[in-house]
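One structure below.
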Amino acid sequence: MDCFHHCIPVDSGRSGSSTPAPEPKDDDGMMSTKLYLALCGATNKDAVAIENAMDLLPPDDQLADRVSVERNNVFHLAAEQGHTELIRKLHARLGNVLSGSLLSSPNTAKDTPLHCAARAGHDVAVTVLVKLARDCGEEKTVLWWKNEAGDTALHLAARLGHAKAVQAMVSKAPGLASVLNGAGVSPLYLAVMSKEERAVEAITSSCRDALAAGPNSQNALHAAVFQGKGQYYFDPWTPEFASRLFVNP
């Protein structure tokens, strides 16, 4: 996602003035423009940019309050861009307690950093965030958290067909496939609707108790038949799982 998708406070100064525009103040409760752009632009292969972003961080006790207009914290921004090395360095500096707090903090859309990485399909970042959440004792909060639309991070990845991101989550928490979103829809149904066969297989091969519910009393079987994918999708499913689909019209 483009860094400039987000709104950030920038004072451009008076028109025609030769005086440099003042930097955003750190006491306004907002993340500085320099830090925001550094977090967005620090690619995994650019060690200098990563160090620059780290150098711009405020004191640790102020970090939780330094957010963008959408209330994205440093982990949200790094996750959204797939900056896994920056995520690791942030955790190394902040430790488990503060990192855990930030990893479980929602933005204005109630997305956690894991939601941001999952939506963008950054599977390596998803893997790293899941591990850090477990290390910080926030696994249950982060992986099962539902955003404003009622979606877990797995729902987002499944809906968009991000197979590797789906696999990264269900391999560590197969119970996620049994969680319905705010509309009563399962990750499996969304994976089938995405037409990404690998996302479907990631769930059916890892999640014995996966739910298949969809909207309007439909389930994943309906979705597969509508797409002419029934034979492919049904073959890996155990008789027990398939029978549950047929008795849940």
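The values are calculated or read from the model by the stated rules, or taken from the named source; none is laboratory data. Just so it is clear, the model here is predicted, and its values are computed rather than measured. Glycine also receives a Cβ, built like all others from the backbone with ideal geometry; neighbour counts cover every protein chain displayed.
Here are the numbers for this structure:
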read-out	value
Matching residues in the stretch 50-81 - criterion: being hydrophobic (A, V, I, L, M, F, W, C) and in contact with a His (Cβ under 9 Å, 6 or more places away or on another chain)	I50, A53, V67, V69, F75, L77, A79
Helices (runs of 4 or more DSSP H) (entirely within the stretch 31-130) containing at least 1 residues that are without any contact (Cβ under 8 Å) to a residue 60 or more places away in the chain and under 28 Å from L160 (Cα atoms)	33-41, 74-81, 84-103, 113-120
Single unsatisfied condition, A183 versus (1) surrounded by fewer than 18 Cβ atoms within 10 Å (Cβ to Cβ); (2) assigned by TED's automatic domain parsing to the domain that holds A224; (3) farther than 20 Å from P106 by Cβ; (4) modelled with pLDDT of 95 or more	(3)
Residue check for H76: closer than 26 Å to G175 by Cβ and touching a helix residue (DSSP H, G or I) at 6+ places or on another chain (Cβ under 9 Å)	yes
